[in-house]
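Some notes on the structure that comes next.
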Amino acid sequence: MEVSDRLLDRAMGIGARSVAVVGTGKNVGKTVVMRAIYRAALARGMKVGLTSIGRDGEANDFVDAFAKPRLRLAAGTLVAGALGALPRSPALEWCESTEIQSASGPIAIVRVRTESEIELVGAPTASGLRGSVAALFAHGAEFVAIDGAIDRIAALRGEDAVIVSCGAAGSTSVEAIAAEAGALVALLALPRHDDTSAALRIEGALTPMRAAELIARGERRPIVVRDATRVTLRGRALLGALDRLQIRVERPLRPVAVTVNSVGRAGSVEPKALLHAVRAAVSLPTFDLFAASAA
Amino acid sequence: MNAPEFLDRASAIAIGEEWLAASIAPCSAYGARDAQIRRRFLAGEEREANAQAARIARIAERFDLDAMEAVRATLARLPDIAPALARVDVGDSLEDAQALALLRFADGAIELQSRLAECRDLPDCAGESVDRVRALFERGRVGSHAFYLHDSFDDALRAERERFDEARARFESARGRLERNVAESLGRGARLDEEFIVMREALVAPLPPGVRVVREAPTYLLCEVDLDEETRVLLERREEAARRVALAEDRVRASLAERVSKLRDGLVRTMMHLGEIDAAIAAALWTRRFACRPAETSSEGGIEIVEGRWLPLQERLEIGGGAFVPSSLSWSGAAIVTGPNMGGKSVALRTVGFIALCASMGLPVPAQRARLALPPMIRWLGIGPDDESRGGLLSSFAGEAVRLRDAFAALAPRALLLVDEFARTTTPRESFAILVASLHAARERGAEVIAATHLAGVAAAAGARHFAVRGLRGIPTQSPGADIERLLAVLADCMDYRIEEVSEDRRESSDALALASLLGVDEEIVARARAIVKTIAE
């Protein structure tokens, strides 16, 4: 079985009808993962819907202007994208112009009629993204893939399966990449609070300062936040806090797999070493789409 | 001289204009535009105002609430075609999203026409232009709600798309063959990504032909499938075919835009009619929900209201399970309303202002019967929100005096003045004097004025009709406690809010101390106050 099929199986195996791909940073291979899942779903004859959190999928990266992998979409694919970013030709089937706004105009639901490349610019807000996903389902999508932006996990919901992408874009240290992926997965995998136990509820965010205070006073009760987006600790600070505090969430997310990309613009790392280091750090099935390998 | 402002901010807040505007707000872009160009009926336009209110009342009677909600749901779904018409107006082409908007607009207008066809009080919202727009875009309809620039719009488009499909198929076939060859040589699955890694340790022979190395690393090679000469030529042909399709699609869009431009006038008329329908249905829904009736507006002086209601309060009370007690008032020139605190004097004034506002907007009014002239302006005179906004520069009395000055500067015959406990913060003697003087002056200038006050003898001194709230029926034996909601409920049970005309020598009730007791003021204070009142009376 190909890696892309296994990734899709991971998402569908938990009963999810949507998968969101989030990255530890930019250029870690999110779009490659999106494309792989998309193609695997198409190969199974599924009606697929695509959208993104904010801007993604453009030919050149909007932030650093490097060339990006393209999304070439097959006929029948549904897209929730900003009006101003959708191509004029080849003509698309226009299903709905929604009230959801983005910087490039309202989000429209379109169906690809002729295979074409589309710049995927989605809703920038959490509610807009959820509205886009709902509209895609309403127009017949059987499975929706969401291209995530950097650190935009606020828009994710428990009904999405989440795939985390990491890679050598920001660092050429295998250990550093693995630690970063481990921390993001730990954040996304924060367990649901068991309502029966006494807990300390935090209405706002669990900040590094607040966490340090709780650790210093030896807090033993579960610390409950609404969801993972309310925890602002990152990296090693987060892993340290998780060792000392019982951080719980009301709305858990469902990370199902991690992908690695050993090829970065700053340099590259040894693919097998990265795959196994990340696998050890995240305790989730880990895949390398470039090398067609898994751990 | 410019006409006076019909309603200033303080008056609008006091009588509930914002509530009314929200209650009759349209739900479509067309209704919103209609609301912008609507104006109030003024003195001399009684016939038009009466006709408008009667029309709204007939619509409210013709359709039940569900039917009107269904019309509003359709109106709310109507896309705004103004941007599309603006484009074709300047000779621009149409976007496919605008084609979808025009198709849905036509669908919605035709649906509304069938729902509303039997109502002569509403304009037509379909017609030849709408039918022709629907026919024009019908070929692009996909399912019930989608649009696609289909081949059937133009034979040339169909031909270009067929050529593109052929060119694409040839390219895909050639590229697929290359990918399969590479995948087989490398022992990979059938699908190769645009870029892929080949581990050096897995290479037992040189890379197969058709593979281009993008980057070399110590342990692996980053590669992509290299297109051969034949496949490159096929790719160029596919791209050229795509360009020709794009040109053919744009030609069809331009042709559609040109045909829409010829229907522009009819479509603009339909848009205006839809705006009128939206506004009328919103008003009729409100009329039916609150059992409103057309007022009799005339150029004659005097105001008569039977069982009038102030709807913002009625709605709030009904949500809480309470009931509003209507009030009836009839006077010409000046009238006084007296009664206990929290007895509804101010509400009676607000009711009058609200009914006058509704009548001036051509709406039925919340009353069993109402007769009045259309006022050129309505002013609320009392302590209002503007006094707060002056940043504390003026005292309460000074704020009221400024409002009195401004109102009289613009006062015209039939103006409606609602005077709520005017000058309550100054000495009773001076308060009495300025109130009586103002009532005389307003009446002499032909205004209709109604004032709420605690001061005795105003009606007689001003020669005004005197209405009074009946007041407390009794005091509950048990204190309701400190909870305000509970307290208000108990108070409502004790209070007789009915208003009746009373003789000039009516002795004012002394409900204030009973009310203070009910509201939980220290009993010792209340007892001392009662003793003082008794002493003064003796």
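Listed conditions (1) more than 19 Å from the chain's Cα centre (by Cα); (2) more than 12 Å from every other protein chain (Cβ to nearest Cβ); (3) at pLDDT 90 or above are all met by A:N60, apart from (3). At pLDDT 90 or above and in contact with a Leu (Cβ under 9 Å, 6 or more places away or on another chain), is that true of A:E96? Answer is yes for this residue. The set of residues in segment A:115-164 being away from every other protein chain (no Cβ under 14 Å) and among the hydroxyl-bearing types (S, T, Y) consists of A:T125, A:S127, A:S132.
For B:I281, the requirement of being over 23 Å from the mean Cα position of the chain (by Cα) and not charged (D, E, K, R) is not met.
Is it the case that segment A:4-24 has a residue that's touching a strand residue (DSSP E or B) at 6+ places or on another chain (Cβ under 7 Å), within 14 Å of another protein chain (Cβ to nearest Cβ) and at pLDDT below 90? No, that holds for no residue. Within the option set A:V260, A:V256, A:V224, being assigned to a strand (DSSP E or B), modelled with pLDDT of 90 or more and within 14 Å of chain B (Cβ to nearest Cβ) holds for one residue only, A:V260.
When residues in segment B:128-156 are screened for being among the β-branched types (V, I, T) and within 13 Å of another protein chain (Cβ to nearest Cβ), 1 of them pass. Taking the condition in contact with a Gly (Cβ under 9 Å, 6 or more places away or on another chain), touching a residue at least 24 places away in the same chain (Cβ under 8 Å) and crowded, with 19+ Cβ neighbours inside 10 Å, does B:I277 pass? The answer is yes for B:I277. Can you say whether B:A29 is within 14 Å of chain A (Cβ to nearest Cβ) and either among the hydrophobic types (A, V, I, L, M, F, W, C) or surrounded by fewer than 16 Cβ atoms within 10 Å (Cβ to Cβ) (or both), as far as the supplied structure shows? Yes; evaluated as a whole, the condition is true for this residue.
Sort out which residues of segment B:88-104 are touching a residue at least 40 places away in the same chain (Cβ under 8 Å) and either surrounded by 17 or more Cβ atoms within 10 Å (Cβ to Cβ) or of a type in the set (G, A, S) (or both), and write them in order of number. Walk me through it before giving the result.
Step one: list which residues in segment B:88-104 are touching a residue at least 40 places away in the same chain (Cβ under 8 Å), which gives B:88-89, B:91-96, B:99-100, B:102-104.
If the condition is that a residue be touching a residue at least 40 places away in the same chain (Cβ under 8 Å) and either surrounded by 17 or more Cβ atoms within 10 Å (Cβ to Cβ) or of a type in the set (G, A, S) (or both), then B:V88, B:G91, B:S93, B:L94, B:E95, B:D96, B:A99, B:L100, B:L102, B:L103, B:R104 are the ones that fit.
Looking at segment B:88-205, the helices (runs of 4 or more DSSP H) lying wholly inside it that each contain 2 or more residues that are of a type in the set (D, E) and under 30 Å from B:A60 (Cβ atoms) sit at B:96-116. Contact annotation: no residue pair with Cβ atoms under 6 Å, 6 or more positions apart or on different chains, pairs a residue in segment A:213-229 that is in the same structural domain as A:G158 (by TED's automatic domain parsing) and under 19 Å from A:L239 (Cβ atoms) with a partner that is at pLDDT 90 or above and among the small types (G, A, S). Looking at B:V245, B:V260, just one residue is within 14 Å of another protein chain (Cβ to nearest Cβ), among the β-branched types (V, I, T), in contact (Cβ under 8 Å) with a residue 12 or more places away in the chain and part of a helix (DSSP H, G or I), and that residue is B:V245.
When each of B:A241, B:A257 is tested for being out of contact with any Leu (no Cβ under 9 Å at 6 or more places or on another chain), surrounded by 16 or more Cβ atoms within 10 Å (Cβ to Cβ) and of a type in the set (G, A, S), the lone residue that passes is B:A241. Of the residues in segment B:254-268, none is at positive phi and among the charged types (D, E, K, R). For segment A:268-289, check the following and say yes or no: at least one residue is more than 14 Å from chain B (Cβ to nearest Cβ), surrounded by fewer than 22 Cβ atoms within 10 Å (Cβ to Cβ) and without any contact (Cβ under 8 Å) to a residue 24 or more places away in the chain. Scanning segment A:268-289 turns up at least one residue that is more than 14 Å from chain B (Cβ to nearest Cβ), surrounded by fewer than 22 Cβ atoms within 10 Å (Cβ to Cβ) and without any contact (Cβ under 8 Å) to a residue 24 or more places away in the chain.
Scanning segment B:49-86 for residues that are farther than 25 Å from A:C95 by Cβ, under 20 Å from the mean Cα position of the chain (by Cα) and acidic (D, E) yields B:D66, B:E69.
Filtered by the rule that a residue be surrounded by 14 or more Cβ atoms within 10 Å (Cβ to Cβ) and either closer than 15 Å to B:L192 by Cα or within 12 Å of another protein chain (Cβ to nearest Cβ) (or both), segment B:215-235 gives B:A217, B:T219, B:Y220, B:L221, B:L222, B:C223, B:E224, B:V225, B:D226, B:L227. The lone criterion from (1) more than 9 Å from every other protein chain (Cβ to nearest Cβ); (2) buried (at least 17 other Cβ atoms within 10 Å of the Cβ); (3) under 60 Å from the mean Cα position of the chain (by Cα) left unmet by B:F196 is number (1). The set of residues in segment A:203-212 being of a type outside the set (A, V, I, L, M, F, W, C) and surrounded by fewer than 11 Cβ atoms within 10 Å (Cβ to Cβ) consists of A:E203, A:G204.
Restricting B:A356, B:A370 to residues that are assigned to a strand (DSSP E or B) and either without any contact (Cβ under 8 Å) to a residue 40 or more places away in the chain or more than 28 Å from B:L491 (Cβ to Cβ) (or both) narrows the list to B:A370. Based on what the data block shows, is A:T172 farther than 27 Å from A:D5 by Cα, assigned by TED's automatic domain parsing to the domain that holds A:A16 and surrounded by fewer than 24 Cβ atoms within 10 Å (Cβ to Cβ)? So A:T172 fits the description; yes. For segment B:89-110, a tally of residues being away from chain A (no Cβ under 14 Å) and either in contact with a Phe, Trp or Tyr (Cβ under 6 Å, 6 or more places away or on another chain) or modelled with pLDDT under 95 (or both) returns 3. For segment A:118-138, the criterion of being in a strand (DSSP E or B), surrounded by fewer than 19 Cβ atoms within 10 Å (Cβ to Cβ), in contact (Cβ under 8 Å) with a residue 12 or more places away in the chain and touching a strand residue (DSSP E or B) at 6+ places or on another chain (Cβ under 9 Å) is satisfied by no residue at all.
Of B:A159, B:A117, all but one fail to be surrounded by fewer than 17 Cβ atoms within 10 Å (Cβ to Cβ), more than 14 Å from chain A (Cβ to nearest Cβ), closer than 21 Å to B:M272 by Cβ and not basic (K, R); the exception is B:A117.
The values are calculated or read from the model by the stated rules, or taken from the named source; none is laboratory data. Source: prediction; values computed, not measured. Here the Cβ is made from the backbone with ideal geometry for all residues, glycine too, and neighbour counts use every protein chain on show.
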